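Asks: Provided herewith is a single structure, encoded as structure tokens, for subsequent inquiry.
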Amino acid sequence: MKMRTIFRSFAVILLTLTSVGFLSAQALTADQIDTFVERSIKAFDVPGISVGVVKDGKVVYAKGHGVRSLNTNAKMDENTLVGIASNSKAFTTVALGILVDEGKVKWDDKVQDYIPEFKLYSPYVSENFTIKDLLTHRSGLGLGAGDLMFFPDGSDFTIKDIIHNLRYLKQVSQFRTKYDYDNNLYIVAGEVIARVSGKSWPEFVEERIMRPLGMASSAGLFERLKDKSNTIDGHASVEGKVQVIQRSMVRVPAAAGGVNSNITDLLKWVEMFLSNGKYDKDKRLISEKSLKEIWSPQTIIQVNSPGPYNTHFAAYGLGFFLSDVGGYKQVTHTGGLEGMVTQITMIPELNLGIIVLTNQQEAGAFRSITNQILDGYLNRPGRDWVASLSAARQKSLAEAKEVTDKVAADVARAQASGAATLAPNAIVGRYSDAWFGEISLVLKDRKLRFASKRSPRLSGEMFPYKANSFIVRWDDRSMDADAFVNFQLDVDGRPQGFTMKAISPLTDFSYDFHDLEFHRSL
């Protein structure tokens, strides 16, 4: 899921950077990892990070650094629980693999055989959509389409609502021809698991995956954790200062990003994969055949440059990104929720697994740590990933600030001139989008305000911008998702509807404002 990993585009994992400094080309010692993680914490302003490394069946590193919350200053350790976000998707694919092994489903079964009411915009696509299609980001829907039904956290959309509303989202590419990351179809996959097994998605993954592997502290949802005494608070930079933000509960989109776990438990999860589906030496969680399917390329992802790891091919499997790095197959995924981002990486041929969990939404931190550890095991001259990714981050922040500062200046000029094209009184009313539902534009204390009926956190003040457009500045400043609002007028110049678009290039793709088409309803 989301977020600014965030989610999360594989193209960023293959980022080409200029080497700023070099480290020795050998596996990092525990002390070296300690030093490097501490540097990452400072460089990316992340309160807490935990790291796990398993090699040749042995845990060689498992440790937390920093604090799990700036409010309490309690220490982060290898048992601190973090929402792993889209790294949960692999739990969904393994759960389906277990059902495939038991003969209860097939990867190529039609979704409508299990969820008859499942429909997408195209009738042909709806009728031919398979379980595998749910997992491979090749539906034809755009990047993050419909994510506003669950993101930001706190909306009232149910799984039933999401399944129904998918039919209103228009496809932006032909079916099975293009990779575009999707969360909502993983929610549908979770519902397939529930209908086949008779258990909810969290119940199934806890009983059939976590319990056998001995992942005693983990759960499919935050609220299902048995012990919440060692959990993180999420953090984000709010107008320049990192602080604790509202907890992301992830109830409805559990199959896309609900798992809460820690380094101790996730090392067992990773070791199961590296042992070809086995655990406790001779017990088997999933067949080699199903695991092979999960780790096989399903949707091609374009590689624009070989990058630092001489990567030529990339694909999405089932719940994992796949690529060649330094001549080896890499299996990886990232995950992002509000206030936390994570990464799990495996190199099966080296029997190597690397896990990084953080409590701040800065992807550079986990990437720098993963890549630095990986460089040692690949026996390659290691660049200073903290320095290079930190420099890239500062450049991106500066570019985004230039965009948002310009918009702010234009808004200030519009306010000073008092010459808005559309008067607030002409705009107020109710507007509705087919899948997102109703919003209200109201005047309160002489200020024009936007308020979503179904996603209460999407509330904020609106300001004239240019011609028929306004911007909305959300009350919750942790979201970094202010948006343009562009009104369409009838022949008499009266607003009849509007579209939206995020202002900052760094806004998380799950704020898919561009997929909304509001029409005046009152």
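Asks: So A27 ticks every box in (1) out of contact with any Leu (no Cβ under 9 Å at 6 or more places or on another chain); (2) closer than 25 Å to S478 by Cα; (3) aliphatic (A, V, I, L, M); (4) at pLDDT 65 or above but one. Which box is left unticked?
Replies: It is condition (2) that A27 fails.
Asks: Residue check, I439 against (1) touching a helix residue (DSSP H, G or I) at 6+ places or on another chain (Cβ under 7 Å); (2) part of a strand (DSSP E or B), all met but one. Which one?
Replies: (1)
Asks: If a residue must be crowded, with 19+ Cβ neighbours inside 10 Å and either outside the structural domain of P47 (by TED's automatic domain parsing) or at pLDDT below 95 (or both), how many such residues does region 202-249 contain?
Replies: Total satisfying the criteria: 1.
Asks: Just checking: which of the helices (runs of 4 or more DSSP H) contained wholly in region 99-201 hold 1 or more residues that are small (G, A, S) and surrounded by fewer than 23 Cβ atoms within 10 Å (Cβ to Cβ)? Outline the logic, then answer.
Replies: Details: elements: 123-128, 131-134, 159-165, 184-197.
Output list reads 123-128, 184-197.
Asks: Here's something else I'd like to know. Mind listing whichever residues of region 69-88 are within 26 Å of V205 (Cα to Cα), in a loop (DSSP other than H, G, I, E, B) and not hydrophobic (A, V, I, L, M, F, W, C)? Even if it seems obvious, please write down each step before you answer.
Replies: The first filter runs over region 69-88 and keeps only residues within 26 Å of V205 (Cα to Cα), leaving 76-88.
Remaining after also requiring in a loop (DSSP other than H, G, I, E, B): 76-80, 84.
Matches in region 69-88: D77, E78, N79, T80.
Asks: Looking at region 379-419 only, could you name the residues that are among the hydrophobic types (A, V, I, L, M, F, W, C) and buried (at least 19 other Cβ atoms within 10 Å of the Cβ)? Working first, answer last.
Replies: Step one: list which residues in region 379-419 are among the hydrophobic types (A, V, I, L, M, F, W, C), which gives 385-387, 389, 391-392, 397-398, 400, 403, 407-409, 411-412, 414, 416, 419.
Within region 379-419, W385, V386, L389, A414 qualify.
Here's the yes/no breakdown for (1) surrounded by fewer than 18 Cβ atoms within 10 Å (Cβ to Cβ); (2) under 26 Å from G234 (Cβ atoms):
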residue	(1), (2)
A467	yes, no
S478	no, yes
D508	no, yes
D512	no, yes
R520	no, no
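Asks: Which numbered condition in (1) among the aliphatic types (A, V, I, L, M); (2) assigned to a loop (DSSP other than H, G, I, E, B); (3) in the same structural domain as W295 (by TED's automatic domain parsing) is the only one that L267 fails?
Replies: For L267, the exception is condition (2).
Conditions tested, residue by residue: (1) at pLDDT 95 or above; (2) over 30 Å from E362 (Cβ atoms); (3) outside the structural domain of G257 (by TED's automatic domain parsing); (4) charged (D, E, K, R).
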site: A85; (1), (2), (3), (4): yes, no, no, no
site: T92; (1), (2), (3), (4): yes, no, no, no
site: G97; (1), (2), (3), (4): yes, yes, no, no
site: D101; (1), (2), (3), (4): yes, yes, no, yes
site: V111; (1), (2), (3), (4): yes, yes, yes, no
site: V125; (1), (2), (3), (4): yes, yes, yes, no
site: F129; (1), (2), (3), (4): yes, yes, yes, no
site: D133; (1), (2), (3), (4): yes, yes, yes, yes
site: D180; (1), (2), (3), (4): yes, no, yes, yes
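Asks: Hey, can you tell me all the residues within region 480-505 that are part of a loop (DSSP other than H, G, I, E, B), surrounded by fewer than 20 Cβ atoms within 10 Å (Cβ to Cβ), modelled with pLDDT of 95 or more and not hydroxyl-bearing (S, T, Y)? Break it down into steps so the answer makes sense when it comes.
Replies: First pass over region 480-505, keeping only residues part of a loop (DSSP other than H, G, I, E, B): 480-482, 490-494, 503-505.
Subset that is surrounded by fewer than 20 Cβ atoms within 10 Å (Cβ to Cβ): 490-494, 504-505.
Pick out the ones that are also modelled with pLDDT of 95 or more and you get 504-505.
Result: P505, single match.
Asks: Need the failing condition index for Y431 against (1) assigned to a helix (DSSP H, G or I); (2) aromatic (F, W, Y); (3) more than 30 Å from L274 (Cβ to Cβ), just the number.
Replies: (1)
Asks: Still on this structure, I have one more. Starting from residues that are under 20 Å from G418 (Cβ atoms) and of a type in the set (A, V, I, L, M, F, W, C), keep the ones in region 463-479 and report whichever is modelled with the lowest pLDDT.
Replies: Going through the qualifying residues, I end up with A467.
The values are calculated or read from the model by the stated rules, or taken from the named source; none is laboratory data. These numbers were taken from a predicted model, which means no experiment stands behind them. Quick reminder, even Gly has a Cβ in these numbers, built from the backbone with ideal geometry, and neighbours come from all protein chains shown.
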